[in-house]
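Q: After the C-alpha cells below, expect a handful of questions from me.
The values are calculated or read from the model by the stated rules, or taken from the named source; none is laboratory data. Because the structure is a prediction, the values reported are computed rather than measured. Here Cβ is always computed from backbone atoms with ideal geometry, including for glycine, and neighbour counts include all displayed protein chains. The protein model used for the area step is the full one, side chains on, heavy atoms only, and it has no ligands, DNA or RNA in it. Shrake-Rupley method; radii C 1.70, N 1.55, O 1.52, S 1.80 Å.
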Amino acid sequence: MSSGFRLLTTPLLLWSFLSLSLLSSASIINHAAGSRLLLRAVNSGGDQPDFAVDLNATNFDAVLKDTPATFAIVEFFAHWCPACRNYKPQYEKVARLFNGANAVHPGIILMTRVDCANKINTNLCDKFSISHYPTLFWGPPSKFVGGSWNGKDEKSKIVSIEDGRTSDRLLKWINTQLGSSYKLEDEKYENDELLQSNFSDPGQIARAVYDVEEATSLAFDIILENKMIKQETRATLIKFMQLMTAHHPSRRCRRGSADILVNFDDLYPSNILSPSEKNNTQHGGLTKFEICGKEVPRGYWMFCRGSKNGTRGFSCGLWVLLHSLSVRVENEESQMAFTSICDFIHKFFACEECSQHFYNMCSRVSTPFTTTRDFVLWLWTAHNEVNERLKSTEALYSTGDPKFPKAIWPSRHLCPECYTTARDGDWDREEVYKFLGRYYGQMLVSLYVEKEKSLFGQAQMKIRAVSEDLIQSTNALVVPVGAAVGIAVASCLFGALACFWRSQQKNRKPRRNWS
C-alpha cells in the first residue's frame with residue numbers, strides 16, 4: 001500500500017512543483033538590485049551627476065515596479081551611437097526636473113535609459129522591438145514590468161515618443177500629455193502654483209507611503225549619528241521597532257525592522273551599553289542594515305513636500321507614520337502602542353522642546369487605552385493641539401509654510417461629515433474615527449494595492465505566455481492552464497493526505513526514545 005501510494009502522489013507532487021515554479025518565475029523580482037535607486041542621482045564619476053537612471057535586464061522590472069512616479073520614460077540607446085551621445089545632455093536637462101533628491105517636480109515621471117549595446121540587455125531590447133537609436137517610450141511604470149512593445153497593439157499603454165529629439169521638444173511632448181506647463185528653467189521651491197496640495201486632494205495621501213519610508217529611515221539615521229542607543233533607551237527602541245515590524249504601512253520597512261530586531265542583541269548587547277562607556281564601538285552596527293531598503297531618498301518628499309525650503313518634510317512624515325500605526329493596531333495592543341510611541345518620541349526625537357511637549361500630552365492620560373478607537377482619537381487630538389501651539393509661533397516669527405499653514409484637521413473639504421455644526425471644533429468623533437481609518441489605512445497604501453493588482457495580471461499573462469512557449473517548443477502532452485492549476489491544487493491535497501497517512505502509520509509503531 002505504501003509503494004502504491006507513493007506511485008500515485010509522486011507525479012502529482014512533481015507537477016505541482018513545476019506549476020508553482022512557473023508562477024514564481026513570473027513574479028519574483030530582484031529587490032537586491034536597489035529598487036529605490038531610481039530616487040537618487042546616479043553619479044557617473046564626472047562633475048555633473050546623471051539624473052536619468054541606468055537600467056539593465058537585472059533591475060529593469062524591480063526599479064519600475066517600486067517607483068512612486070506616475071509615469072516612466074525609457075530611452076533605449078547604444079553607447080557606441082554618436083547620435084545617442086549627443087542626445088544625452090538633452091535628455092538629462094529634462095531628467096533633472098523629475099529625478100533625483102533635488103527634483104523640481106518629484107514623483108511624476110521616472111526617466112530611465114537602457115544600453116542595448118550591452119549584451120545583457122539583448123533580450124530586453126528585443127522585447128521592445130528596438131530597431132534604431134535612440135528610441136523613447138512613455139507609459140505607466142507597471143506596464144513596463146514584464147512587458148513588451150511591437151507597435152501593433154493599439155490598446156497598449158506604452159507609447160513611442162516620436163518628437164523628443166531635443167530637451168525643448170521632449171518637455172513640450174510631456175506637457176501635452178500631462179496638460180502641464182513645466183519649463184526647463186524651473187527650480188525647486190519656486191513653483192507654488194504647480195505644487196499639489198494635500199489639503200484639497202484626499203487622494204494625495206497615497207503618495208505619503210514613500211514619505212513615511214523616508215521619515216523612518218531619517219529617524220534611525222539621527223539615532224545612530226547622535227549615538228542615542230544607550231542602556232536606558234535600548235528597551236524603548238526595541239518596543240517601537242516591534243510595533244513597526246507588525247504595523248508599519250510599508251512592506252520594506254516591516255521587513256527591515258524585523259531584520260534589525262533579529263540581530264539587535266548581537267549589535268547592541270545590553271551588557272556593553274553602560275552609561276559610563278564613552279566610546280561605544282557598537283553604534284556603527286546598524287549602519288549595514290537599511291531599515292526601509294537600500295537607497296532611500298533624501299529630500300524627495302512628495303505628500304509632505306513644503307512650498308519652500310525648510311518646511312514640512314520630516315516632521316510631516318513622522319506624524320503620518322504615527323497615525324498610520326495607530327489605525328492598524330488591535331484593541332488589545334492600543335495601550336502598548338501608546339506607551340511605545342510616547343517613549344520613543346520622548347527619548348529619540350532630537351527636538352527637545354517638541355519631545356517634551358509631546359510627552360507632557362502623554363502624561364495627561366490617566367486611564368489605559370482599551371480600544372483602537374480611543375487611541376486613534378487621542379493621537380488626532382494631540383496632533384491638533386500641536387498645530388494650535390505652532391500656529392501662533394509660526395505667525396509670530398514667519399516660519400510657517402504659506403501654502404500649508406497650521407490648521408485644525410481634517411478640514412471640512414476632506415471630511416464634511418466629521419463636523420456636526422457650522423462652527424469649527426464641533427466634531428462627530430465617530431465620523432472622525434472612520435475618516436482616520438480610511439485616510440491613514442486604506443488610502444495610504446492604495447498605491448501598493450494598485451501595483452499588486454496590475455503586477456498580478458501581468459504575472460498571469462506571463463504564465464500563459466510561458467505555457468504557450470512550452471507547448472510550441474515540445475511534443476509533450478498539452479495541459480490547459482486551468483487544468484494545471486487544478487492538478488496543482490489536487491497534488492497539494494494528496495500531499496496533505498500522504499502526511500496524515502504516514503503520521504497514522506507512525507503512531508501505530510512503538511514509541512522510541514530519541515533523546
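Q: From the list SER167, SER181, SER160, exactly one residue is among the hydroxyl-bearing types (Ser, Thr, Tyr), at pLDDT 90 or above and in contact with a strand residue (DSSP E or B) (Cβ under 9 Å, 6 or more places away or on another chain). Which is it?
A: Exactly one residue qualifies, and that residue is SER160.
Q: Same structure, new question: In the range 381-398, which residue that is among the hydroxyl-bearing types (Ser, Thr, Tyr) and over 19 Å from SER355 (Cα atoms) is farthest from the chain's Cα centre (by Cα)?
A: TYR397
Q: Here's something else I'd like to know. So which pairs qualify, if the first residue must be in the range 234-256 and within 16 Å of CYS342 (Cα to Cα), the second must be open to solvent by 30 Å² or more (accessible area, probe 1.4 Å), the Cβ gap must be under 6 Å, and the two must be at least 6 apart or on different chains?
A: THR236/ASP343; THR236/LYS347; MET241/LEU261
Q: Collect the residues in the range 418-441 that are in a helix (DSSP H, G or I), open to solvent by less than 80 Å² (accessible area, probe 1.4 Å) and charged (D, E, K, R), keeping them in residue-number order.
A: Once the filter is applied, which keeps residues that are in a helix (DSSP H, G or I), open to solvent by less than 80 Å² (accessible area, probe 1.4 Å) and charged (D, E, K, R), the range 418-441 yields GLU430, GLU431.
Q: Looking only at the range 295-333, count how many residues are of a type in the set (Gly, Ala, Ser), surrounded by fewer than 21 Cβ atoms within 10 Å (Cβ to Cβ) and within 18 Å of ARG438 (Cα to Cα).
A: Here the count works out to 0.
Q: Same structure again: What residue, of ARG364, ARG373, is under 27 Å from the mean Cα position of the chain (by Cα) and open to solvent by 60 Å² or more (accessible area, probe 1.4 Å)?
A: Result of the check over ARG364, ARG373: ARG373.
Q: Cβ-Cβ below 7 Å, separation at least six or inter-chain, first residue in the range 82-103 and on the phi > 0 side of the Ramachandran plot, second crowded, with 21+ Cβ neighbours inside 10 Å and hydrophobic (A, V, I, L, M, F, W, C): which pairs?
A: Note: pairs meeting the criteria are GLY100/PHE51.
Q: Tell me, please, whether a residue that is open to solvent by less than 70 Å² (accessible area, probe 1.4 Å), more than 29 Å from the chain's Cα centre (by Cα) and more than 16 Å from ASN56 (Cα to Cα) can be found in the range 138-158.
A: yes
Q: State whether the residues of the range 281-291 include one that is assigned to a loop (DSSP other than H, G, I, E, B) and at pLDDT 60 or above.
A: Yes, there is a match, as at least one residue in the range 281-291 is assigned to a loop (DSSP other than H, G, I, E, B) and at pLDDT 60 or above.
Q: Suppose we filter the range 393-407 for residues that are among the β-branched types (Val, Ile, Thr) and surrounded by 13 or more Cβ atoms within 10 Å (Cβ to Cβ); how many remain?
A: Matching residues across the range 393-407 total 0.
Q: Looking at this structure, is ALA488 surrounded by fewer than 17 Cβ atoms within 10 Å (Cβ to Cβ) and modelled with pLDDT under 85?
A: No: the conditions fail for ALA488.
Q: Within the range 56-99, can you find the residues that are more than 30 Å from ILE205 (Cβ to Cβ) and acidic (Asp, Glu)?
A: Within the range 56-99, GLU75, GLU92 qualify.
Q: Oh, and also: Please go through (1) modelled with pLDDT of 95 or more; (2) open to solvent by 30 Å² or more (accessible area, probe 1.4 Å); (3) farther than 25 Å from GLY293 by Cβ for TYR91 and return the number of the only condition it doesn't satisfy.
A: Going through (1) modelled with pLDDT of 95 or more; (2) open to solvent by 30 Å² or more (accessible area, probe 1.4 Å); (3) farther than 25 Å from GLY293 by Cβ one by one, TYR91 breaks only (2).
Q: Report, by residue number, each residue of the range 215-253 that is acidic (Asp, Glu) and assigned to a helix (DSSP H, G or I).
A: Correct list: ASP221, GLU225.
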